[in-house]
Amino acid sequence: MDSGFPWNFTTLALLVPVVFLLLKKRRKSKPSSVKLPPGPQELPIIGHLHLISSLPVRSFRDLAKKYGPIMHLKLGEVPTIVVSSPEIAKEVLREHDPVYANRPSAIAMEIMWYNYKDIGFSPYGDYWRQMRKICILELLSAKSVRSFASIRQDEVSRLVEFVQASAGKPVNLTDKIFWMTSSITCRAAFGKVCKDSDALIKLLREGIQMAGGFEIADVFPSSKIISALSWSKRTCDFGAQA
């Protein structure tokens, strides 16, 4: 299976001084007595990263056929449990949701969301519960949702009118839906459409791309060297703009 991760020469060269530190730490660490789900044989340092292609969902599907609906993988240093059964996923996310409520650390999310201060990526705890309470009372209550109904209807009507006017021509709905969502959000939050909507949409697209990308520091969180190298100019520039 071809790896979809960017293991180019530069990345490997930067990893060389870190490998010896990780090996040293590995020798000192005691083997875990916890019984883990089945999974493939891991490689030193990288674990099972070599088994993950550029389409991780397909890789997990293929591995699940061999190792079952719940399996253990190690992505670099990060132990990961992969659930591919709807029944098990329901049990995990509904019956034991407080145990699995936290999201994994991600350097891009740390920069983009001001050290995990947003409701989507902040750790589960008192701060997150307070944020959730504010959102429910101020944004998601029936009264608040009704108050924004005219804005939603207006922007959806604009989109429908544009599509109708473009009959017989190709339409990039992705761009238009981004624009509609941006307009609804800005009007609901600030009472008017953002003056520089194109720049905002460009920033949103870049953020989505960064959030879904691969960052080597996320799978080697104990290495301060890798974390420092991962703070690329692009990531820092995005954080400043956001």
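The values are calculated or read from the model by the stated rules, or taken from the named source; none is laboratory data. Quantities reported herein were computed from a predicted structural model and do not represent experimental measurements. Cβ sites come from the backbone with ideal geometry, for glycine too, and all protein chains shown count toward neighbours.
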Unmet requirement for Met71, which otherwise passes all of (1) surrounded by 18 or more Cβ atoms within 10 Å (Cβ to Cβ); (2) out of contact with any strand residue (DSSP E or B) (no Cβ under 7 Å at 6 or more places or on another chain); (3) more than 28 Å from Gly207 (Cβ to Cβ): (2)
Single match in Ala108, Ala89, Ala101 (criterion: under 30 Å from Asp62 (Cβ atoms), modelled with pLDDT of 90 or more and either part of a helix (DSSP H, G or I) or in contact with a Phe, Trp or Tyr (Cβ under 7 Å, 6 or more places away or on another chain) (or both)): Ala89
Qualifying residue in segment 104-121 (condition: over 21 Å from Ala211 (Cα atoms) and exposed (fewer than 14 other Cβ atoms within 10 Å of the Cβ)): no
Conditions (1) surrounded by 13 or more Cβ atoms within 10 Å (Cβ to Cβ); (2) touching a helix residue (DSSP H, G or I) at 6+ places or on another chain (Cβ under 7 Å); number of the one not met by Pro56: (2)
Test: Lys192 is surrounded by fewer than 14 Cβ atoms within 10 Å (Cβ to Cβ), over 30 Å from Glu110 (Cβ atoms), modelled with pLDDT under 90 and not small (Gly, Ala, Ser): yes
Neighbours by Cβ (under 8 Å, 6+ apart or cross-chain): first from segment 87-113, under 15 Å from Ser227 (Cα atoms); second among the acidic types (Asp, Glu) and in a loop (DSSP other than H, G, I, E, B): Ala106/Glu215; Ile107/Glu215; Ala108/Glu215
Odd one out for Val99, checked against (1) surrounded by 12 or more Cβ atoms within 10 Å (Cβ to Cβ); (2) closer than 30 Å to Val82 by Cβ: (1)
Hits in segment 37-53 - residues which are out of contact with any Gly (no Cβ under 8 Å at 6 or more places or on another chain) and loosely packed, with under 14 Cβ neighbours inside 10 Å: Gln41, Leu43, Pro44
